[in-house]
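Just so you know, all these numbers are worked out from the coordinates, no wet-lab data involved. Remember, it's a predicted structure, so these values are computed and weren't measured experimentally. Every residue, glycine as well, gets a Cβ built from its backbone with ideal geometry; the counts of neighbours run over all protein chains shown.
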Amino acid sequence: MSQLIKEIFLPEKIKNSYLFAKTVVGIKINKTSIIATKTRLKGNTSTIELTVEEKITENVSEEGLVPTTPTLTSIFSKIGTYDEIHTTLPSSVVIFKELKLPFLTREKIEMVIGFEIEPLLPFSLRDAVIDFIITRQIPEEKSSEILVTAVQKQHITEHLALFEAVGLMPTVITVDMIALYGLYKQVPAYNQLEGGTVMLDLSPYSTCITLMINSQLKIVRTLPKGIISIAKTAAQELQKTPNEIIEHLLRFGLETTDLAHYTPAIEKAVNEWLNSLNFTLTSFTTQLLNRKPLTKIIVLGEGSLIKGLIPFIAQKTGTACEEFNVSSINEDTSFIIKNSNTITPFNVISVSAALPLPITADYNLAKKEFSTPDNSLLIKQLVVLIVLTITLFATLITHYTIQTQRLKREIKASGLNALTELKDTFKDLEDEDDLDSAITAAEEELKKEKETWFAFSGTSRVSFLECLLELTTKIDKKSLGFSVDQITIAEGILTLKAQVRDYDALTILIRELSQSKLFKDVEKVENTPFTMRIELATGKEEL
């Protein structure tokens, strides 16, 4: 419902352009360190403002360490303000399954994904949180190939507990290799690779192997062996501590040094690790590549920092091998790296988690009981709604005021013009300054002139004497009993106030007067004492 309200008011972004600036922190928690990337999303650009790494100072154990509160607190004291936290789960706790479904849209796939994945899970669907990414759409078949991820709820609960201990709550929970694949698809050097490509994330306690075929993510496997296991094997051979071997690896790698006896022991330990790796790579080529060889191996993580390891892997596997090409990210103009921040194969996963990448934009394991209410965008949109509403009313009021003022000016100008015309026509109005008073005075003047004209006009009006003569001619006083009380003539109307003997006499009187050429219209009355209005004919009508 909250998301629906947000979309009604104003969407967070249109296509790939953010309407509101937003700061996202991408977090990758290892067993020995925490890596964070702060990214500012605005419009079509994503600015990487800060990359931070904090080592966990407690002793490293085989089972790993829970990051302490001071470590996260230190990270976020450097991060400063932010809007969202996007954190990554390790692939080792995730089940990956590839499916092909007869749908093209994410909405339809979401409706059936639970039923499709349930038989494939080693645990109950009730105890799992699932999500997926669409790795390929086939429009001609109206189908999609997807990679589904399933995580037991207990792993998400444990992961969130790390943040809750310092009063933080992630908005998005993703998976390290899912986030990295989103960035992989944006790198021009990789998104068009043909054949089988493997991304190898070598960390202290594990090795994550991700297979892409023709740049499409197919499968993710995790080996429970990493740099620590290599160091332990070499330490047993050399009778040294694992920490001493790790320090040697980080300083000299596989290069020959004055300590010549280190090199064969370390190479032997690396070969044991490679044997496990080759077993997985062979299963990939057999089951998914129809025994075709891999095209490329891309190395990242702490293992990429070991000198000589990448050429060693290439030699032993017979496959081209390289470090993750982070420099090509700069070729995408929508990504901006601020100040002296650098993206390395070591922090690239946290960078991926903080970026708005199209293929992973809708992926989020923070669902249902793990989701957090995000009111920041809703608040922003409410503010925009209020501002837009105020702006609308302000615009209407301003328009009304302007139009009213303009109309008043027009009325005033018209009034002045009318007053000027009246003064030019009626000389007696020269002292008048008010239009209403001038109109009243002009009407009075017209009335006087009209009465004067009527009194002296003999050509257009019938004279008073003519009217009396006509009345005398038409009325037989004796037979009608006619008696006159008053006769007045004004503005072409003769008002006759008189009386006759009876109703028959009144009928004869009206008939006789109606036949006169001097009278245009004779009012019909019904009482014998009466007041009758008679419209006089003009001179022309009389003729």
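For the chain, what is the charge dipole size about the Cα centre, in debye to the nearest 20, if Lys and Arg each add +1 at the Cβ and Asp and Glu each add -1 at the Cβ?
Taking the Cα centre of the chain as origin, the dipole is about 1940 debye.
Can you list which of the DSSP-assigned H helices in the chain have a Cα extent of 18 Å or more along the long axis and an average Kyte-Doolittle score of at least -1.0?
Passing helices, by number: 262-287, 376-425, 435-456.
Is the shape of region 386-455 rounded, prolate or oblate, going by the alpha carbon gyration tensor and its root eigenvalues a ≥ b ≥ c, with a/c under 1.5 for rounded and a/b larger than b/c for prolate?
Since a/c reaches 1.5 and a/b is larger than b/c, the shape of region 386-455 is classed as prolate.
What shape does region 192-321 have by the C-alpha gyration tensor, where a ≥ b ≥ c are the square roots of the eigenvalues, rounded means a/c under 1.5, and otherwise prolate means a/b greater than b/c and oblate the rest?
prolate
Explain nothing, just the number: dipole magnitude of region 464-542 about its Cα centre with +1 on each Lys and Arg Cβ and -1 on each Asp and Glu Cβ, in debye rounded to the nearest 20.
With only Lys, Arg, Asp and Glu charged at Cβ, the dipole is about 140 debye.
Positive end of the charge dipole of the chain (Lys, Arg +1 and Asp, Glu -1 on Cβ, about the Cα centre): tell me which of Tyr262, Ile34, Pro102 has its Cα farthest that way.
Tyr262
What is the calculated FRET efficiency for Ile390 to Lys78, with r their C-beta to C-beta distance and R₀ = 30 Å, to the nearest 0.05?
With R0 = 30 Å, the Cβ-Cβ based efficiency is 0.15.
Once you put a point 7 Å from the Cα of Glu194 and another 7 Å from the Cα of Lys448, both along the Cβ direction, what distance in nm separates them?
It works out to 11.0 nm between the two label points.
Which of [x] 162, 55, 43; [y] 77, 55, 48; [z] 76, 53, 53 is the computed Cα extents along the principal axes in Å for the structure on display?
Here the calculated entry is [x].
Choose one of Ile173, Ala537, Ile138: the residue whose Cα lies farthest towards the positive end of the charge dipole of the chain (beta-carbon charges +1 Lys, Arg; -1 Asp, Glu; about the Cα centre).
Of the candidates, Ile138 comes out farthest on the positive side.
Between Ile411 and Ala361, what length comes free when the chain is fully extended (0.36 nm per residue of separation minus the Cα-Cα distance, one decimal in nm)?
Separation in residues times 0.36 nm, less the Cα-Cα distance, equals 11.9 nm.
Assuming 0.36 nm per residue, please report the length gained on full extension of the stretch Glu535 to Ile336 beyond their Cα-Cα distance.
Result for the pair: 62.0 nm of gain on full extension.
Compute the FRET efficiency between Arg251 and Lys42 as 1/(1 + (r/R0)^6), taking r as their Cβ-Cβ distance and R0 = 35 Å, and round to the nearest 0.05.
0.25
For Met111 paired with Asn290, estimate the spin-label separation in nm (one decimal), with each label point 7 Å from Cα along the Cα-to-Cβ line.
Placing both labels 7 Å beyond Cα along the Cβ direction yields 3.5 nm.
Calculate the dipole size of region 386-455 relative to its Cα centre from +1 charges on Lys and Arg beta carbons and -1 charges on Asp and Glu beta carbons; express the result in debye to the nearest 20.
640 debye
Can you tell me the relative contact order of the chain? Whole percent, Cα pairs under 8 Å, sequence separation 6 or more.
Computed value for the chain: 13 percent relative contact order.
Which one of Gly43, Ile56, Leu419 has its Cα pushed farthest toward the positive end of the charge dipole of the chain, where Lys and Arg give +1 and Asp and Glu give -1 at the Cβ?
Of the options given, the answer is Ile56.
Mind jotting down the distance between the C-alpha centroids of region 136-162 and region 112-126, whole Å?
Their Cα centres are 11 Å away from one another.
Would you mind checking Lys97/Lys296; Lys153/Lys232; Lys28/Lys338; Lys31/Lys240; Lys42/Lys225; Lys55/Lys232 for any pair whose Cα atoms are more than 30 angstrom apart?
Lys153/Lys232; Lys42/Lys225
How many nm separate the modelled label positions at Gln137 and Thr69, each set 7 Å beyond the Cα in the direction of the Cβ?
According to this spin-label approximation, the distance is 4.7 nm.
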